[in-house]
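Some notes on the structure that comes next.
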Amino acid sequence: MRDLDVSRITEEVKEAVIKANLELGQDMLDALRKAIGKEESPLGKEILEKLVENAKIAREERIPMCQDTGFVVVFAQVGQDVHLVGGSFQDAIEEGVRRGYKEGYLRKSLCHPFTRKNTGDNTPVIVHAEIIPGEDLRLWVVPKGGGGENMSRLFMLPPSAGWKGVKERVVEAVIQAGPNPCPPTIVGVGIGGDFEKCALLAKKALLRPVGTPNHDPELRALEEELLEAINNSGVGPQGLGGRVTSLAVHILLVPSHIASLPVGINIQCHANRHIEIVL
Amino acid sequence: MNQPIELVPPLSDQDVERLRAGDRVLINGTIYSARDSAHKRLAELIQKGRSLPIPLQGQIIYYLGPSPAPPGKVIGAAGPTTAYRMDPYTPDLLAQGLKAMIGKGKRSKEVIDAMIRHKAVYLAAIGGAGALISKCIKEVRIAAYEDLGPEAIRELRVEELPVIVVIDTQGNNLYEEGRKKYSRSG
């Protein structure tokens, strides 16, 4: 058993939300640079170049890469031999977000669904925690923008739809989204589970660094097949036409009920922000 | 690609009628930022026949809710937000003489019809390039609805703000044309 003071969580989360919004990860920079070489549209190519330049300005001038600095989602793996002391886990995370969004000059983007009154400090935070063996606490801090989230979809397909049905729905979702979620995007696909599990898997799939292959060779092949179909759509960078609509498709799959084939599709814009913390 | 065309508001019908979907444009001068909540308020005032806190005749509205300005800067990240959420309010604003909108993403048929009727254009800035775009914004003043925070209407003085004409006054649409050009059956 290990004691861990929650004040450390606050400090790390604060740093993570600022870093995530100011410093685009190396995986995304590599993917954007690679995409410049693939893009056939001159305008598309120019847009991809500007996105790389944008990331550079954000990092050097300490300004967020995108004004939509997101709502914060935290995926947590809590070791069952960790004893959290000094306060509540949720409060510690939210205090980190509160401080990070203030000190980092990040936009507060949460409001009441009907009155639209801003909560003022970018809380609450959406926390998905699972208990795992061991003494480590692992957090993935993900500021998620509204544009891609609004274009995300969930389908409860009949089992007869099979892979063909899943593929059609994913490609259709990306084409219908068109320019709205700021392509080039990353597409997270959660297959199986139930209603909420497939959505959660779709979001969790986005945590994998872009450019790293799926561990499962069958899913890897399906990801490649989907990416090709998506990029044949011609939507292109910013939806203005081109060969690079998505930079990657990430799939997670778990068993489903014998009556169902749930599919969650979570679309992530090119400002793909996620920081991993181990405590 | 052609050389960019310069636009300086206030714009006349002729200024926007010469623009074609796919043209690149650089904007110089004063524009206004407004997004969801500000649009709702403006449309309500128009419906009631009241006067507006900003002029619309010949003006450009940028769909923007910037991040806060860090010390020493006039504004934070300042990229476009998705435009369809402003669609329900846009025909009313176009009827008041609004000549151009800067955003990203698709527009409704009602908006495109109103753009053709009132001679206006829809321009796209690069979504997610908030740090880059902020460098084109030289001065910022809150023009109305300060209580809305990031959604307040701001008067922005911009220099060489780069945008692309997506929908022109004839209803040509680069989102449709661009996709058609690069789609492949696979």
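A few remarks follow.
- Calculated P(r) tail over 17 Å for the stretch B:61-102, as whole % of Cα pairs: 44 percent
- As a calculated quantity, the FRET efficiency between A:Glu61 and A:Asp91 at R0 = 22 Å, using C-beta atoms, amounts to about 0.10.
- Fraction in percent of alpha-carbon pairs per bin - 5 Å, the stretch A:1-98: 2, 12, 17, 16, 13, 12, 10, 8, 6, 3, 2, 0
- Fraction in percent of alpha-carbon pairs per bin - 10 Å, the stretch A:69-114: 20, 45, 27, 8, 0
- DSSP assigns beta bridges within the protein assembly as shown; of those with both partners inside it, close to 55 percent run antiparallel.
- Cα-only Debye scattering, the stretch B:76-134: base-10 log of I(q)/I(0) at q = 0.31 Å⁻¹: -1.24
- Label-to-label distance, nm, for residues given as A:Glu168 and B:Lys73 (7 Å Cα→Cβ offset): 4.6 nm
- Nearest-0.05 FRET efficiency for A:Ala161 and A:Gln77, computed from C-beta distance (R0 35 Å): 0.60
- Choice from A:Val97, A:Val85, A:Val263 with maximal GNM fluctuation in chain A (Cα, 10 Å cutoff): A:Val85
- Inter-centroid distance (Cα atoms) of the stretch B:1-77 relative to the stretch A:75-112, Å: 37 Å
- Rounded to 5, percent antiparallel among DSSP beta bridges of chain A: 55 percent
- Each principal axis of the stretch A:1-52 carries a Cα extent, and these read 56, 21, 9 Å when sorted largest first.
- Rounded if a/c under 1.5, otherwise prolate or oblate - the stretch B:6-102, Cα gyration tensor axes: oblate
- P(r) for the stretch A:94-142, from all Cα pairs and a bin width of 10 Å, is 22, 40, 26, 11, 1 %, short bins first.
- Reducing the stretch A:2-63 and the stretch A:162-200 to their Cα centroids gives an inter-centroid distance of 23 Å.
- Based on Cα contacts under 8 Å between residues 6+ apart, chain A shows a relative contact order of 26 percent.
- For the stretch A:137-178: rounded, prolate or oblate by the Cα gyration tensor [a/c cutoff 1.5]: oblate
- Working from the Cα coordinates of the stretch A:147-271, the gyration tensor eigenvalues give, after taking √(5λ), semi-axes of 22, 15, 13 Å in decreasing order.
- Among A:Pro113, A:Pro179, A:Pro255: highest mean-square fluctuation, GNM of chain A, C-alpha pairs under 10 Å: A:Pro113
- Expressed as a fraction of 2.2 N^0.38 Å, the C-alpha radius of gyration for the protein assembly as shown is 0.98.
- DSSP-defined antiparallel bridges as percent of all bridges, the stretch A:64-140, nearest 5: 40 percent
- Estimated [θ] at 222 nm from DSSP helical runs (n ≥ 4, -39500 (n - 2.57)) normalised by residues in the protein assembly as shown, nearest 500: -10500 deg cm²/dmol
- Rh by Kirkwood over Cα pairs, then Stokes-Einstein D for the stretch A:30-187 at 0.692 mPa s and 37 °C, µm²/s: 173 µm²/s
- Dimensionless Rg/Rh of the stretch A:198-257 - Kirkwood Rh, Rg from C-alpha atoms: 1.02
- Taking amide H as placed 1.01 Å from N in the peptide plane, A:Gly79 has its amide H under 5 Å from the amide H of A:Ile132, A:Asp136, A:Leu137, A:Arg138, each at least 5 places away in sequence or on another chain.
- Hydrodynamic radius of chain B per Kirkwood, over alpha carbon pairs, in Å: 16.5 Å
- Rg over Rh [alpha-carbon atoms, Kirkwood Rh] for chain A: 0.98
Read-outs throughout are calculated quantities, based only on the coordinates presented, and are distinct from any laboratory measurement. This is a predicted model, so every value here is computed, not measured. Positions of Cβ are backbone-derived with ideal geometry, glycine not excepted, and every protein chain shown enters the neighbour counts.
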